[in-house]
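K.L.:
Submitted below is the structure of interest, expressed as structure tokens.
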Amino acid sequence: MTLLAFLKVHPKVAQAILRHSQISMTLDIYTHVVDDDQREAAAMLADLLEDPLIG
């Protein structure tokens, strides 16, 4: 869910993807505020995972 939050996917869409029966589970457990440092780190990880030699 953290990646979905990073991608600004609506929480109700994430709830459906994750198959949570309660939105509170989706929001309380899997989301948090993503600051610029975390956003940059996630972008670097995504780039790394797209590398055919690594990911």
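The values are calculated or read from the model by the stated rules, or taken from the named source; none is laboratory data. If you're wondering where the values come from, they're calculated on a predicted model, not measured in any experiment. As a convention, Cβ positions derive from the backbone with ideal geometry for all residues, glycine included, and neighbour counts pool all protein chains shown. Remember, those area values only see protein heavy atoms, side chains included, never the ligands or the DNA or RNA. Shrake-Rupley method; radii C 1.70, N 1.55, O 1.52, S 1.80 Å.
K.L.:
Among Pro52, Leu7, Gln38, whose Cα sits farthest toward the positive end of the charge dipole of the chain (+1 at Cβ of Lys/Arg, -1 at Cβ of Asp/Glu, about the Cα centre)?
P.N.:
Value computed over the given set: Leu7.
K.L.:
Something else now. I'd like the accessible area for Glu50, computed on protein heavy atoms only with a 1.4 Å probe and all protein chains in place. Round to 10 Å², please.
P.N.:
The accessible area comes out at roughly 140 Å².
K.L.:
Hey, rough spin-label estimate for Arg39 and Lys12, points 7 angstrom out along Cα→Cβ, what's it come to in nanometres?
P.N.:
With each label placed 7 Å out from Cα toward Cβ, I get 2.5 nm.
K.L.:
Let's see if you can work this out: charge +1 on each Lys and Arg Cβ, -1 on each Asp and Glu Cβ, no other charges. What is the dipole magnitude of the chain about its Cα centre, in debye to the nearest 20?
P.N.:
So the dipole magnitude of the chain works out to roughly 460 debye.
K.L.:
Which whole-number value in Å² is the accessible area per residue of the chain, probe 1.4 Å?
P.N.:
81 Å²
K.L.:
Rounded to the nearest 500, what is the chain's calculated 222 nm mean residue ellipticity when only DSSP H runs of at least 4 contribute -39500 (n - 2.57) each, over all residues?
P.N.:
-18500 deg cm²/dmol
K.L.:
Continuing with the same structure: On the accessible surface of the chain, probed at 1.4 Å, how many percent belong to carbon and sulfur atoms?
P.N.:
61 percent
K.L.:
Express the relative contact order of the chain as a whole percentage, based on alpha carbon pairs under 8 Å and six or more residues apart in sequence.
P.N.:
With pairs under 8 Å counted, the relative contact order is 31 percent.
K.L.:
Moving on. Compute the Kirkwood hydrodynamic radius of the chain, taking the inverse of the mean of 1/r over all pairs of distinct Cα atoms, and give it in Å to one decimal.
P.N.:
For the chain, the Kirkwood estimate is 12.2 Å.
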